Each structure stands twice: as C-alpha cells, then as structure tokens.
Amino acid sequence: MNLSRFGQKLTGPSGVPMLMEDMALAMANGGKDSLLLGGGNPAYIPAMQQRLRQAMTRILDTPGAFEKMVGNYPAPQGDVEFLEALANLFNREYGWGITAKNISLTNGSQSAFFSLFNLFAGEYPDGSRKKILLPLAPEYIGYADVGLTEDFFISFKPEIEFPEPHIFKYHVDFNALNITDEVGAICVSRPTNPTGNVLTAEELARLSDLAQAHNIPLMIDNAYGTPFPQIIYSDAEPIWNENIILSMSLSKLGMPAARTGIVIANEEITHAMTRLNAVTSLAPGSMGARLALELVQSGEIISLSHDIIRPYYHNKALQAMEQLQYELGDLDYFIHKPEGAFFLWIWFRGIPISSQALYERLKAQKVFIIPGHYFFPGLEDEWQHTQECIRINYALDENVVQPGLHAIAETVKAAYGA
C-alpha cells in the first residue's frame, strides 16, 4: 500500500501501537493465559465501580437523560453543563477564577496532546520550525509519535539522586536546560508516566517562569495527578495560570473506555481546541462527562480520589516494591521512587542484554512489560541508561502482578548470570 508521509509516520512501528497490541493479545481469552504488566489500564476498584454504577443508574432512571447522553451531539467544546461544573469546582477549591470558556474536552488525553503538540510545534507560516521541549526524559510513551513532522522533540537527561539503597529519583537538570527560539512549548507529566516521579513545586515554578520568559506555554499532563484521580503519594497542589495548559482525564478514575480528556487553558487556546474538535471529530463524546457530572458538581470526585483511589494504588505500589526488593536481592538494580501513577520504573544497571531483549524473553513467557527505550523521545545523545530500564504496571489483581514480578525477577537473574 502506497501511503502519504502522514500515513507512513502514524502507521509505522512505535511504542504505543506495540503497547496496545500487547494489551489486546494479553486480554484474549479473558487474559487467562497472560500476565499483563505492560499496559496502562486502571484497576477495577470495587468502590469506584459501584459509585459509577450508581451514576449510570441515576441517568437511566431520569426521564430523557439517557436519550440526551447518547442521542445528541454535544458542543465541539464538550458538554456545557460539565464544563461549568468543572470551572465551579476549581474556583471553589483553588480560586483560579476560570470560566467554562477556559475548558475544552477531548476524546481522551492522547487526542488532546495530538492537538496541543501540533498547535505549537512543526512548521510555522514564516517558515520557521518549532519543537516541543521535554525538560526531563524519560517521558510518556504516547508523546513520541503524535508529531506530524519529524524531529519534533528536544529532551534532556535528568539529574539522578540515590536517596536509599536500590532507590533513585530523577530531577530536572536546570543547568543543562537550554530553551532556544526553536522551542514552541514545554511539556511535563506529573506524576510522570513511566517513572512515577512527581516534579517538586519548585521545579514546576521554575519551568513556569522559564516558559513565561520565553513567551511559550507550559503544558502539564495531569492524567494521574491532583485533585483527581489523585494517584500521587507526595504532597502536591494543582497549579494553573494563563500561561499553563493543564491536561486532565477521567480514565484513571476507572473510565478509560469513556475517553474523556480535559484541557484547561486560556480562552484563545480553548477556542483553538474547540475548532480542532469540530474538524477532526465534530465533538468529543459525552458519556464520561455525563457519568462524572454529579461527582464534579458535589465535589465528591475529589474525596473519592483522595479516600479510595489514592490509598488503593499506594498500597499496591508498596506491595510491588516489597516483592521486587525481596526477589531481586543484591542485583545491581534501582527502582525509581514511586511517588504517583501506577507504574514502577526499574533500572537494571549494567545488565548484559537490552530492555528490548528482556521484553522479548518475557513475552515468550506471556509476561508483558514495556522496554524503556521508547520513553526517551528527542534525546540526541547516546545513553546506555535508556537500554537498561523497563516499565511495569502494578495496578491489576495480585494473581497477575505477583507471578508477573516473579517471572521478571527470574528472567533478569538469568540475564545477569546470577
């Protein structure tokens, strides 16, 4: 098949299609024969599932509500009542002074970043070219392929801290950070996917100041962050100003199939996102917005996130850490300090095989992980570290996570010759 450059770029081999194909493969037969530790699917948390069922029942029992949810196009900006509820929530809790005109919905946050990145990077009318700056690599695997042009990212190696034995943490290396005229926007995820790293308030403030000084936006991917779904285990407050584009999602509340992304920005950017929605999909879906509406209106979305979602994943993180530290023993490994999200980022220093080879060995055992080299888009310098890390998801049931971690440990031991 003869494809355009667009077709070749978006259909070629890359990390996200591999991740989703592995997820489909692992879930075949109901997932009975596979151990899926590679994807980003949230857990089925019983209390959250029950609350979402109650919301759906309320819709079904309210005359006309179901018909409106499935039978009407929402506005290209998204469900108006939900947008107003979100603005009220953030103003009430954080005093941001926003209105519904500052918020747009998308069909998931992956769709949001496809639009946002291509709004600010690529070729400009004056012939100049701009890139997205990722100040701390590794970063989210889903960013790597959304650019419509080549050479789309600039990223920098982090500083590495070792706070405890077998534990490390990344920090932004501000001494290395170089923002030139070719940068169209800065982007960070917080908590970071894949590492669970949470940028400190000081790091965010410095990045925000740098963005404003260069008259470019700072994008913050808050898909796992505060105040919802609050999968964050350190003290952190949400941050927004007119120069920040804050992206959120309903997926990690337990609604990934509803594909509901939330973008909070200045009105000019909201208007642009609305136009893009109309052109690419007419309008974002409304099912997620209608399901979550009463939770946002009441503020319950924050308490559910803090009291149910956060402790559930924090406990899972501690269990996974304890098992890995026991199984890996004295090998030369380090786990990134788990501060949020539901992934562990493991660095096998000096391992004699690549993370891709480790992935292939585990896949042959029907154990699915993500090799680390996919998480470094825009990093120009060769760095052995990129070949020594893997990402695992600890969100699923223990009958998946425990044997999966055991298989990883045994396979790594064999690779080291231990």
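Think of the chain as having a plus end and a minus end, set by charges on the Cβ of Lys, Arg, Asp and Glu; of 162, 356, 199, 356 sits farthest toward the positive end of this dipole. Helical runs assigned H by DSSP (4 residues or longer) give the chain a calculated mean residue ellipticity at 222 nm of -12000 deg cm²/dmol, each run adding -39500 (n - 2.57) before division by the residue total.
Could you let me know the centre-to-centre spacing of the range 103-170 and the range 341-418, using Cα atoms, in angstrom? Comparing the Cα centres of the range 103-170 and the range 341-418, I get a distance of 22 Å.
Rounded to the nearest Hz, the phi-derived 3J(HN,Hα) couplings of the range 352-359 under the Karplus curve 6.51 cos²θ - 1.76 cosθ + 1.60 (θ = phi - 60°) are x, 10, 7, 5, 5, 5, 4, 4, where x marks glycine and proline. In units of the rule-of-thumb radius 2.2 N^0.38 Å, the chain shows an alpha carbon radius of gyration of 0.97.
Sort 359, 333 by Cβ crowding within 10 Å, fewest neighbours at the top.
If I rank by nearby Cβ atoms, fewest first, I get 333, 359.
For residue 102, the shell of other residues with beta-carbons less than 13 Å away shows a net charge of -3, using +1 for Lys and Arg and -1 for Asp and Glu. Taking the Cα centre of the range 111-268 as reference, the dipole from Cβ charges on Lys and Arg (+1) and Asp and Glu (-1) amounts to some 440 debye. In this simple spin-label model, placing a label point 7 Å from the Cα along the Cα-to-Cβ direction at both residue 322 and residue 94 gives a separation of 3.4 nm.
Working from label points 7 Å from Cα in the Cα-to-Cβ sense, the residue 181 to residue 209 distance is 2.6 nm. Residues 322, 388, arranged from fewest to most other Cβ atoms within 10 angstrom of their Cβ, appear as 322, 388.
Available extension along the chain between residue 49 and residue 266 is 74.7 nm, counting 0.36 nm per residue and deducting the alpha carbon span.
Which net charge results when you count Lys and Arg as +1 and Asp and Glu as -1 among the other residues whose beta-carbon is under 14 Å from that of residue 172?
Values: positive: 157, 169, 190, 206; negative: 139, 159, 161, 173, 202, 203, 209.
Counting the neighbours of residue 172, the net charge comes to -3.
What does the charge count around residue 137 come to, taking other residues whose C-beta lies under 15 Å from its C-beta (Lys +1, Arg +1, Asp -1, Glu -1)? With Lys, Arg at +1 and Asp, Glu at -1, the neighbours total -4. Ranked by how many other Cβ atoms sit within 10 Å of their own Cβ, fewest first, the residues 190, 5, 349 fall in the order 5, 349, 190.
Taking one quarter of the surface of the convex hull spanned by the alpha-carbon atoms of the range 72-299 gives a direction-averaged projected area of 12.8 nm². For residue 101, list the lysines whose Cα falls under 29 Å from its own Cα; do not include residues on the same chain fewer than 8 positions away. Qualifying lysines at Cα under 29 Å: 68, 130, 131, 252. DSSP bridge analysis restricted to the chain gives an antiparallel fraction near 60%, rounded to the nearest 5. Converting phi to 3J(HN,Hα) with the Karplus coefficients 6.51, -1.76 and 1.60 and the offset θ = phi - 60°, the range 177-190 yields 5, 10, 9, 9, 5, 7, 8, x, 6, 10, 9, 9, 9, 8 Hz in sequence order, with x at every glycine or proline.
Per-residue Karplus couplings for the range 408-417, computed as 6.51 cos²θ - 1.76 cosθ + 1.60 with θ equal to phi - 60°, are listed in order as 4, 4, 5, 5, 5, 4, 5, 5, 6, x Hz, Gly and Pro entered as x.
Checking every one of the chymotrypsin sites (Phe, Trp or Tyr not before Pro) in the range 167-239 against DSSP loop status and a limit of 16 other Cβ atoms within 10 Å picks out 174.
We did not get these values from a lab; they are worked out from the coordinates using the rules stated. The structure displayed is predicted, hence computed values, not measured ones. Positions of Cβ are backbone-derived with ideal geometry, glycine not excepted, and every protein chain shown enters the neighbour counts.
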